[in-house]
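Bear in mind that the values in this text are calculations on the coordinates, not laboratory data. No experiment lies behind these values; they were computed from the predicted model shown. Cβ placement follows ideal geometry from the backbone for every residue including glycine, while neighbour counts extend to all protein chains displayed.
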Amino acid sequence: MNHIAFADQPQESMHHPQGFFSKYVWSLDHKVIAIQYGVTAIMVGVLALVLSGLMRLQLGFPDTFSFINPNTYLQFMTMHGMIMVVYLLTALLLGGFGNYLIPLMVGTRDMVFPYLNMLSYWTYLLSVIVLMASFFVPGGATGAGWTLYPPHTLLPGTPGHELGIIMMLVSLGIFIVAFTMGGLNYVTTILQARTKGMSLMRMPLTLWGIFTASLMGLLAFPALLVAAIMMMLDKLAGTSFFMPALMSMGEAIDHSGGSPLLYQHLFWFFGHPEVYIVALPAFGMVSDVLATHARKNIFGYRMMVWAIVIIGGLSFVVWAHHMYVSGMNLSFGFFFATTTLIIAIPTAIKVYNWVLTLWRGNLHMTVPMLFAIGFIFTFTHGGLSGLFLGNVAIDVPLADTYFVVAHFHMVMGVSTVMVLFAAIYHWYPLISGRMFNTALGKWHFWVTFVGTYTTFLPMHYLGFLGLPRRYFSMGEAAYVPESAHSLNAGISISAIIVMLAQLLFIANVIWSLKKGPRAGHNPWGATSLEWQTPDVPPKHGNWGEKVPEVHRWAYDYSVPGVKADFIPQNMPSEAVEMEDDSPQGERS
Amino acid sequence: MSDAKPTVAGTGDSWSGLVSDFSADKETFPIPWGKLMMWIFLIGDTFIFGIFLIAYMAVRMSVTDPWPDTVELFAMTIGGTTFPLLLIAIMTFILITSSGTMAMAVNYAYRGDKRKTVLFMALTAVMGLVFVSLQAYEWAKLIFVDGIRPWGNPLGASQFGAIFFMITGFHGLHVLGGVIYIALVARKVHKGHYEKKGYSIVEITGLYWHFVDLVWVFIFAFFYLW
């Protein structure tokens, strides 16, 4: 069969949708789908934030709030974790930003399979609805912790061990279907539908992050799916995959011979890559934000690309570092500690490169830039505590303490959210066509950034004291000094202040949508293709008459001898205006 | 960065040549989008089945009760003679043969022979259905004659029923899904839907079908021969 590459095909005729529903609801346009994904994800994310606030109220001021009892506390904790990791971060980074940016950045008109893309969103929405419904079923949502470890997940005594866990597993299954449809689209679009001149090694790092993360998702979610199916059968069909023989409430349970460790292996074979599914798009986006606002090319582009790919690959062979205290064979610990520490190398390369990108740059301290720099701090911080936990001997006393909570919130919670804010502020002028309020944005940044440290730094200390995570209250344990209790109250207060500060962000986004000044074309002076559309915000079909042709990589900032301090990717060398006194020569 | 010299595959510095060939602009793989998408999906699906089978191995290694003797359990008695693994041999034969008919359907599709394409696709789908029916028969025998349940097994390890029904059931659903997929595509081929678009969809359907067959070979080896 004669196969013609997409970029060589003659101009296709676009069918423009008419009417409100086909334009904004059942839309096939990747930009509308992205916004649908983004708004849904942020809405459940706000819910998860409120849940964490309720947890902090209990921890900071025990015995004060009658509506929080041990059961509801565990439910809040479980749902907070699950929503944040899967339904907010994965959905917002890949479903939201992936959808919006991939076609614009590679210079195509839409995803390769727009219909599948739309289906992906509606399936995701269904999974969210099922998850929300689990709060209202008899027994409430599951309270097993976001890892859903058996056997306690299915035993009486854990809240939501009847319907709650079923709803959770069904919702995860639906989410995986949704993600698969989306992820296939993202990967295929990046591989096959790039415009003329856009080689893989000219792509902005955002795309490399999203591409690798989508591919990882397609390989990691199967493990979660299998674990969910097996647990579902344990629950409904009476099998014993994960359930050992146990006495529960004075009676022997109906199961015997299952292996809880098998579940942990399956879960973390998904769970660890999931950390990087969330982190890699963030790595990519922060690189682009830093380069644009520092008016400098990203330092070590090729190294950055390979670091992303290598981190993605390595993340599949480190999963059991979550299981050092699970009773797994100790020699496994040696292997997994080694692979875990090896990941620090490409990660450190990335951090050095971000810092060197800033070095002697022409830094514009805009709101997105502030968040991007904030990310470098929080990520380095969380990464360093990861080195502690990656070593078996140090992990054993620290496992399941507040140190772990502090570590993963710094490294994948706060850091990723910092990048999300940077990205939302950075691309807001493109998506809405309006500029946000800068003063409000800076307030938002400083309260969030400082509040992050006042919230999570003391948790490291509490972890060293041996305070266990997931406990409803610390009670009278002798090893917990009085000061730790007041520290907990302080953490809660700062967490709630940070939470309230997010209202500034929401107000800013909504207010600027109508009242913000018009952003105009390419307000940050960025080189990548998404800023070069004929209309702002880009219209259906993105590129008007003709798709762009790419002539250079995405990081031509402050090129010596060139008049402007940036050269868009689609500008041919002949069109670049040189400074008058510089020798005429091609530089790109 | 713009110094992307045209590189001929197999010449010069081979690693960087490979990278720049692979990352050149436009399309990374000179195949239709749908076909690449199916390949990537199948890699993900390989992970699903791979993890299922690894879980099976983990279970098999850790059980303390004896595992049922598969040669006896899956034997079939016809006219007083007991043939070990006869039913499963027939099922496997049918499924592998259906891969052959699917390949012929792809061949005729690219030649533009609509009638024969539909014929061979229908044949493939029918064989898929026969496979699923025989599997249902086998399940019925295990459940009603041998008394094997997901939660118990009179012949030994109770995990046997659980893992057997789960994995063969998951595979059976894949076959059933494939039958529906083939039927839908065959109907569209019959209606002439692909005369302008080209018939790569038949090959894509075929990829899925061959994958389902290949997975069966592994399940066969792990459950019936081990």
Spatial separation of Cα centroids for the stretch B:59-104 and the stretch A:97-164, in angstrom: 38 Å
How far apart, in nanometres, would the label points at A:Phe464 and A:Ala478 be if each is projected 7 angstrom from Cα along the Cα-to-Cβ direction? 2.3 nm
Kindly provide the helix-only [θ] at 222 nm of the protein assembly as shown, computed as the sum of -39,500 (n - 2.57) over DSSP H runs of four or more divided by all residues, to the nearest 500 deg cm²/dmol? -20500 deg cm²/dmol
Considering Cα pairs under 8 angstrom that are at least six residues apart, work out the relative contact order of chain A and quote it in whole percent. 15 percent
When chain B is modelled as a GNM with alpha-carbon springs shorter than 10 Å, which of B:Gly156, B:Gly147, B:Gly79 fluctuates the most? B:Gly79
Arranged by the count of other C-beta atoms within 10 angstrom, fewest first, what order do A:Tyr121, A:Tyr402 take? A:Tyr121, A:Tyr402
Multiplying the sequence separation of A:Glu549 and A:Ala564 by 0.36 nm and subtracting their Cα-Cα distance, what value in nm do you get? 3.4 nm
Between A:Thr64 and A:Tyr149, Cβ-based FRET efficiency (R0 35 Å, step 0.05) works out to 0.70
Using 0.36 nm per residue, how much length does the chain from A:Thr338 to A:Leu356 gain when fully extended, once their Cα-Cα distance is taken away? 3.7 nm
Can you tell me what the convex hull of the Cα atoms of the stretch A:525-588 projects to on average, as an area in nm²? 4.5 nm²
What spacing in nm lies between the two simple spin-label points modelled at B:Asn107 and A:Ala133, each 7 Å away from Cα in the Cβ direction? 4.9 nm
Would you mind calculating the relative contact order of chain B from Cα pairs under 8 angstrom and at least 6 residues apart, reporting the percent as a whole number? 24 percent
What is the spin-label model distance, in nm, from A:Val325 to B:Ile180 if the labels are put 7 Å beyond Cα along the C-beta direction? 4.6 nm
Once the Cα atoms of helix B:159-190 and of chain B are each reduced to a long axis, what angle between those two axes, in degrees from 0 to 90 to the nearest 10, is obtained? 40 degrees
Taking the beta-carbon count within 10 Å as an exposure proxy, list A:Leu94, A:Leu59 from fewest neighbours to most. A:Leu59, A:Leu94
Over what distance in Å are the Cα centres of the stretch A:426-503 and the stretch A:217-268 separated? 35 Å
Report the FRET efficiency, 1/(1 + (r/R0)^6), for B:Ser62 and A:Phe388, where r is their Cβ-Cβ distance and R0 is 45 Å, rounded to 0.05. 0.85
If we count other beta carbons within 10 Å of each Cβ, what is the order of A:Glu579, A:Glu274, A:Glu482, B:Glu138, fewest first? A:Glu482, A:Glu579, B:Glu138, A:Glu274
What is the sum of charges, Lys and Arg at +1 and Asp and Glu at -1, for the other residues whose Cβ falls under 12 Å from the Cβ of A:Lys235? -3
Using only the alpha-carbon atoms, how far is helix A:415-432 inclined from the longest principal axis of chain A? Give it as 0 to 90 degrees, nearest 10. 40 degrees
In degrees, nearest 10, range 0 to 90: what is the angle between the Cα axis of helix B:86-111 and the longest Cα principal axis of chain B? 20 degrees
Assigned charges on the beta-carbon of Lys, Arg, Asp, Glu; chain A dipole about Cα centre (debye): 740 debye
For chain B, built as a Gaussian network whose Cα springs stay under 10 Å, the top-fluctuating residue of B:Gly206, B:Gly17, B:Gly178: B:Gly17
